[in-house]
Amino acid sequence: MSERLIFTETERQEIGNIMQELRQSIGNLLKADDEKKLTDLMTKAIIEGRTGRNVFGLNPVLTAFQTAKIAVEEIGMKRDGVMATLLYCLVQNGFYSADAARQDFGEGVATIIHGLVRIHDLYKKNPIIESENFRNLLLSFAEDMRVILIMIADRVNLMRQIRDTENIDAKRQVSEEASYLYAPLAHKLGLYQLKSELEDLSLKYLEHDAYYMIKEKLNATKRSRDAYIERFIKPIDERLKAAGLRFHMKGRTKSIHSIWQKMKKQKCGFEGIYDLFAIRIIIDTPEDLSTIGDAELKKLKEREKMQCWQTFSIITDMYQPNPKRMRDWLSVPKSNGYESLHITVLGPEQKWVEVQIRTERMDDIAEHGLAAHWRYKGIKSSDGGMEEWLANIRTALEAGDDMQVMDQFKMDLYEDEVYVFTPKGDLLKFPKGATILDFAYHIHSKIGNTCVGGKINGKNVSFRQQLQSGDTVEVLTSANQTPKREWLKMVKSSRAKSKIRLAIKESQAKDGLFAKELLERRFKNRKIEIEESTMMHTIKKMGFKEVSDFYKQVADEKIDANEVIEKYIEVRDHNLNLNAPKPAQSAQEFEYENPDEQIARKNDDVLVIDKNLKGLDFTLAQCCHPIYGDPVFGFVTVSGGIKVHRTDCPNAPELRKRFGYRIVKARWSGKGSSQYATTLRVIGNDDIGIVSNITNIIAKEEKIVMRSINIDSHDGLFSGNIVVQLDDTSKLEALVKKLRTVRGVKQVTRL
């Protein structure tokens, strides 16, 4: 049992004052016996010595009341949040629990306390608090958004109370957490006043000299600064009143923290910072906006925008604006609901002054964040993470009558992400459904490739085990483990998938090299030379779609090399017709009988000669046999007729050189039913079967007739001239393409 907590008279008096303030703020929301139950619990804990002062010597009961006051006045917390804040000081020392709170004060209070306990447990893992991942983990782990708000209020209060503490190490740690963790959280929530206070106090405690240097210089320049502000705003005040606007103005000096950050960023002294202050013009709006309907609120907002832009126009007429420094958060508010119009203008004495234009409603939201959001309806937000969460909060609030909606609101944040700890306390982010294997590959490729399992919170699990936010994860490896293709189905992160694919590819390449060397040695022993195309054919004949799978099985000795050699010989002999019962006949023995059908000799295709002349008699040159679709030209003969040649005719260069004046332009214009004779030159292996394949292909082609074929063979090759009758060049090109695919054909060209 600890030493009994002794209250000073000052502490008793302050607790009494705060109790009175809380009664006035939320007394109508408290249940009949809330205050009595709370007092009895605290009294009992104090009598039993179950609660004591913290490392700073602060009274935990008083600290809880101070935090509750901040949560109510500056954030807008209600009954459940306040009760949870006050009771948590008893939970921390093991005197009370969330389950007991559920029975005594209801589900809402218990939920918040449970969230605070979970956050406290996270801290025990010594995380790196300045990481964005830890902030996101806190938001997803807390379950109820009021947990985060209470944490911020508690840290603001603690920073206010530790000014004179002698525990320097604890003070530094608390201040660093305020700067890295709580100030960014407050900023995300739109709690700008609390955020600014946390930053300034952190600077005060962590960089004492810098803080007081800036503070002293601000104090020293305050009189001249105030005088300048007065000179700047006086003509603006007159012009705005003349325009009939109702407003008030105030000057706002930058926070000490923001000035220090700008000095470090710009690498200059205090005197080098010119925008030390901003002028805020706040246009009056009706006092109670929470009671008006959605339609009226929408009209009001449109009117507010018009007044803001009217003010903007008046100021920029008076002072030269800097267009690069303009920020329009009226047209598109910030994701946390912030609305304002920022401009920087060149004031008297050639000094740049920032002017912020907003309405009272906008200013309330800017100053008080969520607490102000809850008082107004219709505030929209963009997508993503915290912003989406805030939008959901506002949607829930709009559906209810007052702030008590918050007591039932639960957040479902980052549902597609999980955050887990390494054994050293580093925090890593993964997609939902990620496994131990994802974690292993995130650490290192070698760790992932040899992963056989893991430990979650000290308990052995399979590497298929899915991760949950807050887990501490350790990887187990084995030198005998290798990546498998089925692992790709187990992981969720693209990083793990790419590393598994790379490892499998490298493994396949290694297996392929080993298998190829093995086969090459065996083939060499049998005095058989490997031909690549035959080997590919052999692999397909053995039933493998992927070459890598074939070499993998050879490397794993699942396929005997002698089996591969026998199959290779079989395929090779078949390809070379060595398995045929009789020797192949020479292609020269091929005989062809001309078809009986008659081919129409008419030429009814339209050819345009020279300058769009049609209907002229022409003949097709026998030297190049042009057909419909060929690029052609006309040649005027001695007799006056026109002979049509292909532009690539062998005789074309000579005709152009010697008789250029008799050359006329020609082009095909209309397609009739004409057919043309053309000759193809085919060269291939000396085999009558190949020629038969060629003639069969031609015979099957529609509107193509083979007129003749002449075959000559020598040195194991045949060469043949094939005359075919067809419609146009498209038919000819398709035929040539097919003939080139015939096995054994070496070359097909048009003469």
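Values as computed for the structure displayed
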| item | result |
| --- | --- |
| Qualifying residues in the stretch 703-732 (those that are polar (S, T, N, Q) and free of Cβ contacts under 8 Å to residues at least 40 places away in the same chain) - the one nearest to VAL745 (Cα to Cα) | SER719 |
| Residue within the stretch 447-456 that is surrounded by fewer than 17 Cβ atoms within 10 Å (Cβ to Cβ) and either out of contact with any Phe, Trp or Tyr (no Cβ under 8 Å at 6 or more places or on another chain) or among the small types (Gly, Ala, Ser) (or both) present | no |
| Unique residue being under 50 Å from the mean Cα position of the chain (by Cα) and not in a loop (DSSP other than H, G, I, E, B) when the list is ILE18, ILE46 | ILE18 |
| Considering residues of the stretch 78-111 that are among the polar types (S, T, N, Q) and farther than 21 Å from VAL55 by Cα only, the residue surrounded by the most Cβ atoms within 10 Å (Cβ to Cβ) | THR111 |
| Members of the stretch 51-79 that are basic (Lys, Arg) and not in a helix (DSSP H, G or I) | ARG53, LYS78 |
| From LEU158, LEU198, LEU203, LEU185, residue being at pLDDT below 90 and open to solvent by less than 30 Å² (accessible area, probe 1.4 Å) | LEU185 |
| Filtered residues of the stretch 24-54 (kept if under 18 Å from GLN66 (Cα atoms) and open to solvent by 100 Å² or more (accessible area, probe 1.4 Å)) | GLN24 |
| Qualifying positions in the stretch 325-357 - out of contact with any helix residue (DSSP H, G or I) (no Cβ under 7 Å at 6 or more places or on another chain) and assigned to a strand (DSSP E or B) | ARG327, ASP328, HIS342, LEU346, TRP352, GLU354, GLN356 |
| Cross-chain or 6+ apart pairs with Cβ under 9 Å, the stretch 247-261 first and free of Cβ contacts under 8 Å to residues at least 40 places away in the same chain, then in a loop (DSSP other than H, G, I, E, B) and not acidic (Asp, Glu) | THR253/LEU276; LYS254/ILE273; LYS254/LEU276 |
| Selected residue [touching a residue at least 40 places away in the same chain (Cβ under 8 Å), closer than 22 Å to GLY269 by Cα, out of contact with any Ser or Thr (no Cβ under 7 Å at 6 or more places or on another chain) and open to solvent by 20 Å² or more (accessible area, probe 1.4 Å)] from LYS217, LYS222 | LYS217 |
| Residue in the stretch 161-182 that is modelled with the lowest pLDDT, counting only those that are of a type in the set (A, V, I, L, M) and either assigned to a helix (DSSP H, G or I) or open to solvent by 40 Å² or more (accessible area, probe 1.4 Å) (or both) | LEU181 |
| Subset of the stretch 398-454 (residues that are in contact with a Leu (Cβ under 8 Å, 6 or more places away or on another chain), at pLDDT 80 or above and assigned to a loop (DSSP other than H, G, I, E, B)) | THR422, ALA434 |
| Check on LYS738, closer than 15 Å to ILE627 by Cβ and open to solvent by 40 Å² or more (accessible area, probe 1.4 Å) | no |
| GLU702, sole failed condition from (1) of a type outside the set (Phe, Trp, Tyr); (2) surrounded by fewer than 17 Cβ atoms within 10 Å (Cβ to Cβ); (3) in a strand (DSSP E or B) | (3) |
| Residue match in the stretch 493-501 (condition: loosely packed, with under 15 Cβ neighbours inside 10 Å and under 29 Å from GLU563 (Cα atoms)) | no |
| Some residue of the stretch 103-114 being touching a Phe, Trp or Tyr at 6+ places or on another chain (Cβ under 9 Å), among the aliphatic types (A, V, I, L, M) and at pLDDT below 90 | no |
| Odd one out for GLN13, checked against (1) over 29 Å from LYS171 (Cβ atoms); (2) open to solvent by 60 Å² or more (accessible area, probe 1.4 Å) | (1) |
| Test: LEU680 is open to solvent by less than 20 Å² (accessible area, probe 1.4 Å), modelled with pLDDT of 85 or more and within 30 Å of HIS537 (Cα to Cα) | no |
| Helices (runs of 4 or more DSSP H) wholly inside the stretch 468-576 that include at least 1 residues being touching a residue at least 24 places away in the same chain (Cβ under 8 Å) and under 30 Å from GLY716 (Cα atoms) | 494-525, 532-541, 561-575 |
| Failed item, numbered, when LYS265 is tested on (1) touching a Phe, Trp or Tyr at 6+ places or on another chain (Cβ under 7 Å); (2) over 24 Å from ARG223 (Cβ atoms) | (1) |
| Filter result for GLU230 (farther than 23 Å from VAL355 by Cα, without any contact (Cβ under 8 Å) to a residue 24 or more places away in the chain and surrounded by fewer than 16 Cβ atoms within 10 Å (Cβ to Cβ)) | no |
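Okay, residues lined up against (1) open to solvent by 60 Å² or more (accessible area, probe 1.4 Å); (2) in contact with a helix residue (DSSP H, G or I) (Cβ under 6 Å, 6 or more places away or on another chain); (3) not in a loop (DSSP other than H, G, I, E, B):
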{"residue": "PRO650", "(1), (2), (3)": "yes, no, no"}
{"residue": "PRO653", "(1), (2), (3)": "yes, no, yes"}
{"residue": "TYR661", "(1), (2), (3)": "yes, no, yes"}
{"residue": "ARG667", "(1), (2), (3)": "yes, no, yes"}
{"residue": "GLY672", "(1), (2), (3)": "no, no, no"}
{"residue": "SER692", "(1), (2), (3)": "no, no, yes"}
{"residue": "SER713", "(1), (2), (3)": "no, yes, yes"}
{"residue": "VAL724", "(1), (2), (3)": "no, no, yes"}
{"residue": "SER730", "(1), (2), (3)": "yes, no, yes"}
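The values are calculated or read from the model by the stated rules, or taken from the named source; none is laboratory data. A quick note: this is a predicted structure, and the numbers were derived from the prediction, not measured. FYI the Cβ positions are ideal-geometry reconstructions off the backbone, even for glycines, and counts take in every protein chain you see. For the accessible areas, the whole protein counts, side chains as well, though only heavy atoms, and no ligand, DNA or RNA atoms are used. Shrake-Rupley method; radii C 1.70, N 1.55, O 1.52, S 1.80 Å.
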